[in-house]
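Comments concern the structure below.
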Amino acid sequence: MLNETQLMALLSELESDRVERTISVSDMDKFSQAICAFANDLPNHRQPGYLLIGVKDDGKLSGLQVSDQLLQNLGAIRADGNVLPSPAMNVQKFSLNGGDVAVVEVLPSDMPPVRYKGRVWVRVDPRKAVANEQEERILSERRTAAVRSFDARPCTEAGLEDLALGQFDAYRREAVDAETIAANHRDIQQQLASLRMYDFERKCPTFAGILLFGKNPRFFLPGSYIQFLKLPGTDLTDMPEDQAEISGDLNSVLRELELRIKSLIQPLCVE
């Protein structure tokens, strides 16, 4: 979230495609349009946009006294169902010499285009407008490019220390030819990322990396185990003779499962 020093810098700059100033306190349509436009991030800054309420176009304060009701009204925009997909945003009040400022910080959406009452709003330099056909296409293509399968998505709760890198080294020798490995001078994050096991932008492993090389995959994915049952017959209601929850990295899970299955196979006696 913005701090007071950063806010003062925004007040001294010209209005841009990341900043909108207004002295209105009741025009919820205007606020929602601005939030929608910042969420769409048409210039692809990949940085938050800021709606500053209580600030004149020249950056001077209007003398506004920000009430709790105003902050509640601004926060309610996130979940009122008019801006979809719902934006990620923060609302904060600053008390400065000359008046209060209500700041709405809006993060760029991972799933554009974002619509307010069915219309796509975007920022075009210092003004906002309804997106034209080409602009909507750009946002739609960005959404398609951002869609990933589950295994390629970042596991943001994990770090590099949650991976058993020795197992990755063994996997790498199987997946990559020896000459490429010998000529490879990249660090471990780059090597993992080249095989889609690491997300550079979020600085964390992907779920594929956790499943394949995680020290404790079940901590991040509680359902990542195999339930093993040995029944005396064919009725699933029978009391199991043996049972186990097999968990760990994928290689270890498959190895243990293979051993258990082999132990059940009785050799055929040929007379």
Separation in nanometres of the label points that stand 7 Å from Cα toward Cβ, at ARG119 and ASP235: 6.9 nm
Among SER252, MET1, PHE150 the positive-end extreme of the charge dipole of the chain (Cβ point charges): MET1
Cβ-derived FRET efficiency at R0 22 Å, ASP151 paired with GLU179, nearest 0.05: 0.20
Under 12 Å, Cβ to Cβ, from THR156 - net charge with Lys/Arg +1 and Asp/Glu -1: -1
Degrees between helix 165-175 axis and first principal axis of the chain (Cα, 0 to 90, nearest 10): 80 degrees
For the chain, built as a Gaussian network whose Cα springs stay under 10 Å, the top-fluctuating residue of LYS203, LYS230, LYS128: LYS230
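Where nothing but the Cβ of Lys and Arg (+1) and of Asp and Glu (-1) is charged, how large is the charge dipole of the chain around its Cα centre, in debye to the nearest 20? The partial results should precede the final answer.
On the way: 31 positive and 40 negative charges, 138 e Å.
So the dipole magnitude of the chain works out to roughly 660 debye.
Out of all Cα-Cα pairs in the stretch 4-146, roughly what percent, to the nearest whole number, are more than 17 Å apart? Write out the running numbers ahead of the final one.
Details: 5726 of 10153 pairs.
Tail of P(r) above 17 Å: 56 percent of Cα pairs.
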Pairwise label distance in nanometres, HIS45 with LEU14, each label 7 Å out on the Cα-Cβ vector: 1.4 nm
Lysine pair count for the chain [Cα-Cα under 29 Å; pairs on different chains or 8 or more apart]: 17
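Can you compute the FRET efficiency between MET28 and MET111 using 1/(1 + (r/R0)^6), with r the Cβ-Cβ distance and R0 = 22 Å? Round to the nearest 0.05.
Numbers: r = 23 Å, r/R0 = 1.06.
Efficiency at R0 = 22 Å is approximately 0.40.
Counting each DSSP H run of 4 or more residues in the chain as -39500 (n - 2.57), what helix-only mean residue ellipticity at 222 nm follows after dividing by all residues, to the nearest 500 deg cm²/dmol? Before the final figure, lay out each step's value.
Details: 10 runs with 94 residues, N = 271.
Mean residue ellipticity, 222 nm, calculated: -10000 deg cm²/dmol.
We did not get these values from a lab; they are worked out from the coordinates using the rules stated. Computed from a predicted structure; not experimentally measured. So basically every Cβ, Gly included, is an ideal-geometry build from the backbone, and we count neighbours across all protein chains shown.
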